[in-house]
Amino acid sequence: MADHPLPEPDVAREWFEAMLLIRHFEERAGEQYARAKVGGFLHLAIGEEASMVGTVRAMRDTDYLISTYRSHGQTIARGTPPGKVMAELFGRVDGLCHGRGGSMHMFDLPRRFMGGYGIVGGNLPIAAGFGLAADYLGNEDATVCQFGDGASNQGTFGETMNLAALWSLPVVFMVTNNRFGMGTALERHSAVTDLQVKGEGYGVPGMECDGMDVVDTFHVTTEALRIAREERRPVLVEAMTYRFRGHSMADPEEYRTKDEVEEWRKRDPIITFGDRLVAEGVITEDERAELDATAQQAADDAVAFADASPVPEPGSLYDDVYVLGGQVHGWYSVDERGAGVRRGEDIGGEGHR
Ligand SMILES: Cc1ncc(C[n+]2csc(CCOP(=O)(O)OP(=O)(O)O)c2C)c(N)n1
């Protein structure tokens, strides 16, 4: 991996601020989960901040990003106010999705952040769809699709690589190799552990970046996006990283040793980047401490914002439900008779069976 120079000082500083904000946000989110403020699951990405910020900063505002259930960091990096992300975790009305999605389902259309996706590997075909749309419309929008090493074993991976290559779609697939799929180590879940080559048999060339280094991630993703946008073909980037915390908050972490985690923590992307900024005179040690305190305050403010936001009114349960009456063939339905849920009843209407 190349030794890239730092970007302009104000840019380098902004990347550092973004990484600090994500780290403190995640730590606060974990604390709030322990206090039962967060419903459902909570997957933290502590340790993966450089792979998120480096990638998002290589993107244009008009590019699409789609990720997984571990995506608070991408949401914040893309520009969503942290308070709205925290309020979403809390299930409050001021949450990014009005409290209806929770941790796994962040979605910010104006910022072209297309989620947050709970189904492992399910975001890959959707990303191909964004690529196909850009191709169809003949515009320059590229798509970045981030997913985990475990997801690279899903059937959707091969199916999507094939069509993306066949149809020359402008998509950068980024496999965030944090070395585990839940409690299963890479060597135990994938026959091919050099993940960047996994797309080659389908016609998708691979690249690798140091996901612990925001500068390297930025440069590799920039080149991958150039290829996608200008040469109109997909690329698979493998970002080498590590998650410092458990898979979710309910993970006893019996599948790895504390020594291994400590070894990776020596490469903490925030510490190493901060050290570099100080060593190269971009910030002083005092400024580093100030930036850290500012980010911590922003995470605290996010919690206060979420706390102050009301829970949704029960009567709003059916707001934003788009399937009505006779369109429904399924088990659940909501129809013109009112807000009551009809379970498997005959609701009438054209085409109902
Ligand atoms: C289709 C599907 N199968 C299984 C699960 C349960 N599950 C949730 S996360 C996960 C591990 C995925 O690991 P990886 O893709 O490496 O992502 P990471 O959690 O490391 O970010 C699994 C199996 C799921 N959500 N969806």
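Some points to look at:
- What separates the Cα centres of the range 1-68 and the range 281-315 is a distance of 14 Å.
- DSSP-defined beta bridges in the chain - what % are antiparallel, rounded to 5: 20
- The range 72-133-the range 174-188 distance, computed between alpha-carbon centres (Å): 22
- Nearest-0.05 FRET efficiency for residue 278 and residue 258, computed from C-beta distance (R0 45 Å): 0.95
- The chain shape via C-alpha gyration tensor axes, a/c threshold 1.5: oblate
- Fewest neighbouring Cβ atoms within 10 Å first, the residues 294, 257 line up as 257, 294.
- Paired Rg and Dmax values of the range 7-52, which use every Cα atom, in angstrom: 13.3, 42
- Per-residue 3J(HN,Hα) values for the range 257-269, derived from phi via the Karplus relation 6.51 cos²θ - 1.76 cosθ + 1.60 with θ = phi - 60°, read 8, 5, 4, 4, 5, 4, 4, 5, 4, 5, 9, 2, x Hz in sequence order (x marks Gly and Pro).
- For the range 149-278, a/c is not less than 1.5, where a ≥ b ≥ c are the root eigenvalues of the C-alpha gyration tensor, and a/b does not top b/c. That puts it in the oblate class.
- Estimated 222 nm signal from helices in the chain, with DSSP H stretches of n ≥ 4 weighted -39500 (n - 2.57), rounded to 500: -12500 deg cm²/dmol
- Remark on residue 207: its backbone amide H falls under 5 Å from those of 236, 237, 238, a criterion applied only to residues 5 or more positions apart or on other chains, H modelled at 1.01 Å from N.
- Straight Cα distances below 30 angstrom link residue 84 to the lysines 37, with same-chain residues fewer than 8 positions distant left out.
- Toward the positive end of the charge dipole of the range 35-158, with +1 on the Cβ of Lys and Arg and -1 on the Cβ of Asp and Glu, the farthest Cα among 53, 67, 98 is that of 98.
- Net lengthening on full extension, residue 109/residue 60 (0.36 nm per residue, minus Cα-Cα): 16.2 nm
- DSSP loop GluC sites (Glu not before Pro) with at most 15 other Cβ within 10 Å: longest gap in the chain: 1-139
- Inter-probe distance in nm under a simple model that places probes 7 Å from Cα toward Cβ, at residue 119 and residue 4: 3.4
- Given the chain, longest segment not containing exposed loop chymotrypsin sites (Phe, Trp or Tyr not before Pro) (DSSP; at most 11 other Cβ within 10 Å): 1-321
Computed from the coordinates by the stated procedures, all read-outs in this text should not be read as laboratory data. On a predicted model such as this, the values are computed, not experimentally measured, just so you know. Methodologically, a virtual Cβ is constructed for each residue, glycine included, from the backbone with ideal geometry; neighbour enumeration extends over all protein chains shown.
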